[in-house]
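I have placed the structure first, in the form of structure tokens, so that the comments after it can refer back to it.
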Amino acid sequence: METTFVLPNSGHKRDDVSSKMGMWLFLFTEVLLFGGLFLVYMIYRFMYHADFMTASHELNVLIGTINTIVLLTSSMTVAMSITAMQKGDVRLSRRLILLTIVAALIFLVNKYFEWSAKFEHGLFPGMEHYNTLPNGERLFFFLYFFMTGLHALHVIVGGAFLLFVVRAINKNKVRQDRYMLLENAGLYWHLVDLIWIYLFPLFYLIH
Amino acid sequence: MQTHDNHTGQQHDVHIVSYKEHASTFIGLVLLTIMTVTVSVFGAEIYTLSVLTALTIASTKAVVVALYFMHLKYDPKIYRFMMGVVLLLFVIFAVLTLVDYLARN
């Protein structure tokens with residue numbers, strides 16, 4: 001290894017290490033954002049344990065499980081697309097990213113049907129039936145809609161980010177020797193998966 | 001792929017995770033998901049046990065995702081260290097919130 005000291009911004013147009021670190025720092029703020037919501041959930045679950053259990057039975061475990069598997073699959077495909085890019089197989093890499101985006105769409109379609117059923121039952125905050133529910137159940141559904149809604153927003157953003165990466169690949173701006181954008185999009189996508197890993201058991205699988 | 005030297009801040013000594021490793025990680029995660037659903041649907045009736053089991057399985061999955069899919073296992077240690085600091089921060093928040101909650105009753 002050379003020992004000469006090279007100043008930052010000394011003509012090098014990119015900095016992969018800092019790029020990735022910046023992404024991680026952003027992900028930490030996301031962890032704390034959802035972390036705060038999980039703390040709210042924790043306290044209210046202590047206070048309204050029975051209500052949370054009753055309300056949780058309204059949720060569809062099957063759709064939840066399917067969506068979990070969909071997200072896990074998409075996490076694998078995006079991780080593999082980075083492997084493909086590192087190995088120089090651009091076509092495969094792009095295909096795997098598109099597959100990830102398809103998984104994101106499947107997730108959102110499932111979510112749409114799931115939420116529609118809740119709307120029909122009048123469980124959305126402010127609806128007539130919602131207003132007649134006991135305090136704890138109302139808090140449960142409020143948190144359910146807020147947290148899975150915020151998560152779904154992240155799914156949409158993640159999908160858009162991946163689409164942006166596909167565009168960059170087409171323009172040859174992301175390639176075998178320069179794939180940090182893809183790696184950062186992957187990190188974001190995995191975070192979306194990570195959050196769901198906690199949301200799923202805490203909302204759907206309360207016993 | 002080894003490119004450039006460290007002083008320029010470019011990527012170096014990249015460890016390429018194989019497709020096979022990603023596939024096995026995925027299978028492991030699916031098995032853990034099946035496990036947590038099974039435990040919840042047919043499992044223990046004791047409240048705390050069930051929450052603890054669910055959270056333990058979820059955390060195992062989270063660690064697997066972070067280490068393998070997010071490359072934390074092969075990346076420089078600094079990322080793991082930063083992740084640890086953030087988790088510690090969250091634990092401090094959680095403990096303080098709990099203490100506050102318990103002290104009010």
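The values are calculated or read from the model by the stated rules, or taken from the named source; none is laboratory data. What you see is a predicted model, and the numbers here were worked out from it, not measured in a lab. All Cβ positions, even for glycine, are placed from backbone atoms using ideal geometry, and neighbour counts span all protein chains on display. Side chains are part of the model used for accessible areas, which takes the heavy atoms of the whole protein and leaves out ligands, DNA and RNA. Shrake-Rupley method; radii C 1.70, N 1.55, O 1.52, S 1.80 Å.
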> Out of all the residues in segment A:145-171, which are open to solvent by 30 Å² or more (accessible area, probe 1.4 Å) and under 26 Å from the mean Cα position of the chain (by Cα)?
Replying inline: A:Phe146, A:Leu150, A:Leu153, A:Ile156, A:Val157, A:Ala160, A:Phe161, A:Leu163, A:Phe164, A:Arg167, A:Asn170
>> I'm trying to understand the selection: among the residues of segment A:189-203, which are facing chain B (nearest Cβ under 8 Å), open to solvent by 10 Å² or more (accessible area, probe 1.4 Å) and aliphatic (A, V, I, L, M)?
In response: A:Leu194, A:Leu202
> For the subset of segment A:172-188 comprising residues that are over 30 Å from A:Gly35 (Cα atoms) and more than 11 Å from chain B (Cβ to nearest Cβ), which member is least open to solvent (accessible area, probe 1.4 Å)?
Replying inline: A:Val174
> Given (1) in contact (Cβ under 8 Å) with a residue 12 or more places away in the chain; (2) in contact with a helix residue (DSSP H, G or I) (Cβ under 7 Å, 6 or more places away or on another chain), where does A:Phe164 come up short, assuming only one miss?
Replying inline: (2)
>> Quick test of your reading of the structure: A:Leu62 fulfils all but one of (1) within 12 Å of chain B (Cβ to nearest Cβ); (2) over 22 Å from the mean Cα position of the chain (by Cα); (3) modelled with pLDDT under 95. Name the failing condition by number.
In response: (2)
> If you take the residues of segment A:9-66 that are of a type in the set (S, T, N, Q) and in a helix (DSSP H, G or I), which of them is nearest to A:Phe107 (Cα to Cα)?
Replying inline: A:Thr65
>> For segment B:29-42, which positions are surrounded by 15 or more Cβ atoms within 10 Å (Cβ to Cβ) and more than 7 Å from every other protein chain (Cβ to nearest Cβ)?
In response: B:Leu32, B:Met35, B:Val39
>> So, in segment B:56-88, how many residues would count as being part of a helix (DSSP H, G or I) and open to solvent by 70 Å² or more (accessible area, probe 1.4 Å)?
In response: 9
> Which of the helices (runs of 4 or more DSSP H) contained wholly in segment A:115-207 include at least 1 residues that are modelled with pLDDT of 95 or more?
Replying inline: A:135-170, A:180-204
> Assuming A:Val90 fulfils every condition listed in (1) within 14 Å of another protein chain (Cβ to nearest Cβ); (2) open to solvent by 30 Å² or more (accessible area, probe 1.4 Å) apart from one, which condition is it?
Replying inline: (1)
>> Checking the condition closer than 26 Å to A:Asp15 by Cβ and not basic (Lys, Arg), which residue from A:Leu150, A:Leu162 passes?
In response: A:Leu162
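Residue by residue, here is whether (1) of a type outside the set (A, V, I, L, M, F, W, C); (2) assigned by TED's automatic domain parsing to the domain that holds B:Ile16; (3) over 16 Å from A:Val31 (Cβ atoms) holds:
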{"position": "B:Tyr68", "(1), (2), (3)": "yes, yes, yes"}
{"position": "B:Arg80", "(1), (2), (3)": "yes, no, no"}
{"position": "B:Gly84", "(1), (2), (3)": "yes, no, no"}
{"position": "B:Leu87", "(1), (2), (3)": "no, no, no"}
{"position": "B:Phe93", "(1), (2), (3)": "no, no, no"}
{"position": "B:Leu96", "(1), (2), (3)": "no, no, yes"}
{"position": "B:Asp100", "(1), (2), (3)": "yes, no, yes"}
{"position": "B:Arg104", "(1), (2), (3)": "yes, no, yes"}
>> Go through segment A:115-144 and report how many residues are surrounded by fewer than 14 Cβ atoms within 10 Å (Cβ to Cβ), touching a residue at least 12 places away in the same chain (Cβ under 8 Å) and over 27 Å from the mean Cα position of the chain (by Cα).
In response: 2
